[in-house]
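Participant: I am attaching a structure below and will ask some questions about it afterwards.
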Amino acid sequence: DAGVIQSPRHEVTEMGQEVTLRCKPISGHNSLFWYRQTMMRGLELLIYFNNNVPIDDSGMPEDRFSAKMPNASFSTLKIQPSEPRDSAVYFCASSPGRGEAFFGQGTRLTVV
Amino acid sequence: DQQVKQNSPSLSVQEGRISILNCDYTNSMFDYFLWYKKYPAEGPTFLISISSIKDKNEDGRFTVFLNKSAKHLSLHIVPSQPGDSAVYFCAASRTGYALNFGKGTSLLVTP
């Protein structure tokens, strides 16, 4: 398996623009997570899906952020409108259930 | 509120010596603990884990110790190698919930 695949690897956008980050989890994994890494807060959970259903979205910063998982092999994280403070590395991870999560390589987002 | 805390942002160790990375947690419901390693421009990769029913788990040069009464775990790397230089994240979870991560400790192993 190729592992968790995220795209794009880097995204630079202007404030106010819509940004969509994409994730393909490992086949057979039923849990998917979106995390954000910043210097100040480390790795913080944004949202957790189980069997394509959002289970915990308490980490989503505000209404500008939304995430979807239309099927078991694809998820998106959308920011609309984007702001400079959203600049961070966004990671997608998947898990077969109990145990460790496997991370993608991340998307480095820069909002100018 | 940070439920998993890594109070040392950085650690420097000489090659061949022991590296000890520490982690504290506040949620007594956590029953599974993990360590991840992260190189720059890569995603975190799983290193070693321990269930709350154990107090030690060993995998080669890596050993994780869990002290439930103190809500503390540590990762020992013996002997440390320059390739171990990375950021190490402690994580904790309970059944049905996502992993909670600490802020990470940057380990530098010098020749």
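Participant: Ratio of chain A's C-alpha Rg to 2.2 N^0.38 Å, to two decimals?
Facilitator: Scaled against compact globular proteins, the figure is 0.99.
Participant: Continuing with the same structure: R0 = 35 Å: FRET efficiency of B:Ser69 with A:Asn51, Cβ-based, nearest 0.05?
Facilitator: Values: r = 36 Å, r/R0 = 1.03.
Efficiency for this residue pair is about 0.45.
Participant: Once a ≥ b ≥ c are taken as the square roots of the eigenvalues of the Cα gyration tensor of the range A:1-63, is the result rounded (a/c under 1.5), prolate (a/b larger than b/c) or oblate (a/b not larger than b/c)?
Facilitator: Because a/c hits 1.5 or more and a/b fails to exceed b/c, the range A:1-63 counts as oblate.
Participant: Normalised by the number of residues in the range B:52-110, what is the relative contact order in percent for Cα pairs under 8 Å and 6+ residues apart?
Facilitator: After rounding, I find 24 percent.
Participant: With equal scatterers on the alpha carbons only and no solvent term, can you work out the Debye log10 of I(q)/I(0) for chain B at 0.13, 0.20, 0.21 1/Å?
Facilitator: -0.44, -1.03, -1.13
Participant: For the range A:46-59, take each phi angle, set θ = phi - 60°, evaluate the Karplus expression 6.51 cos²θ - 1.76 cosθ + 1.60, and give the result in whole Hz per residue in order, putting x for glycine and proline.
Facilitator: Computed from phi, the couplings for the range A:46-59 are 9, 7, 10, 10, 10, 6, 6, 9, x, 9, 9, 10, 5, x Hz.
Participant: Here is a further query. Given contacts defined as C-alpha pairs under 8 Å and at least six residues apart, what's the relative contact order of the range A:23-105, whole-number percent? Don't skip to the end; give the middle numbers.
Facilitator: Numbers: 157 pairs, mean separation 29.1, N = 83.
Rounded, it is 35 percent for the range A:23-105.
Participant: How far is it, in nm, from the label point at B:Lys54 to the one at B:Asp1 when both lie 7 Å from their Cα along the line to the Cβ?
Facilitator: For B:Lys54 paired with B:Asp1, the spin-label model returns 3.1 nm.
Participant: Right, next: Considering chain A as a Gaussian network with a 10 Å cut-off on Cα pairs, which listed residue, A:Val12, A:Val53, A:Val89, attains the greatest mean-square fluctuation?
Facilitator: Greatest mean-square fluctuation among the candidates belongs to A:Val12.
Participant: What is the calculated FRET efficiency for B:Arg17 to B:Thr45, with r their C-beta to C-beta distance and R₀ = 22 Å, to the nearest 0.05?
Facilitator: Calculated transfer efficiency: 0.40.
Participant: All other residues with a Cβ under 12 Å from the Cβ of A:Tyr90 taken together, and with Lys, Arg as +1 and Asp, Glu as -1, what is their net charge?
Facilitator: On the way: positive: A:Arg9, A:Arg22, A:Arg36, A:Lys78, A:Arg108; negative: A:Glu11, A:Glu44, A:Asp86.
Around A:Tyr90, the surrounding residues sum to +2.
Participant: Another question about this same structure. For the range A:74-89, what does the Karplus curve 6.51 cos²θ - 1.76 cosθ + 1.60, with θ = phi - 60°, yield as ³J(HN,Hα) per residue in whole Hz, taken in order and with x for Gly and Pro?
Facilitator: 7, 9, 10, 10, 10, 10, 8, x, 7, 10, x, 5, 7, 4, 5, 9
Participant: I'd like the Karplus ³J(HN,Hα) series for the range B:102-111: coefficients 6.51, -1.76, 1.60, θ = phi - 60°, whole numbers in Hz, and an x wherever there's a Gly or Pro.
Facilitator: Going residue by residue, I get x, 7, x, 10, 8, 9, 10, 9, 9, x Hz, with x marking Gly and Pro.
Participant: Take the cross-link list B:Lys5/B:Lys37; A:Lys78/B:Lys103; B:Lys5/B:Lys71; A:Lys78/B:Lys38 and give me the ones stretching past 21 Å between alpha-carbons. Kindly include the intermediate steps, with their values, before the conclusion.
Facilitator: Numbers: B:Lys5/B:Lys37 16 Å; A:Lys78/B:Lys103 24 Å; B:Lys5/B:Lys71 11 Å; A:Lys78/B:Lys38 25 Å.
Going by Cα-Cα distance, A:Lys78/B:Lys103; A:Lys78/B:Lys38 fall outside the 21 Å limit.
Participant: Tell me, what is a quarter of the convex hull surface for the C-alpha atoms of the protein assembly as shown, in nm² with one decimal?
Facilitator: Mean orientational projected area (the protein assembly as shown, Cα hull): 12.1 nm².
Participant: Something else about it: Within a Cβ distance under 14 Å of B:Arg17, other residues only, what is the Lys/Arg minus Asp/Glu net charge?
Facilitator: -1
Participant: Zone of B:Thr26 (label point 7 Å along Cα→Cβ, backbone N under 17 Å): which residues in the range A:39-62?
Facilitator: A:41-45, A:59
Laboratory data are not the source of any read-out in this text; all were calculated from the coordinates shown. Quantities reported herein were computed from a predicted structural model and do not represent experimental measurements. Because the Cβ atoms are built from the backbone with ideal geometry, glycine has one as well, and the counts that use them run over all protein chains shown.
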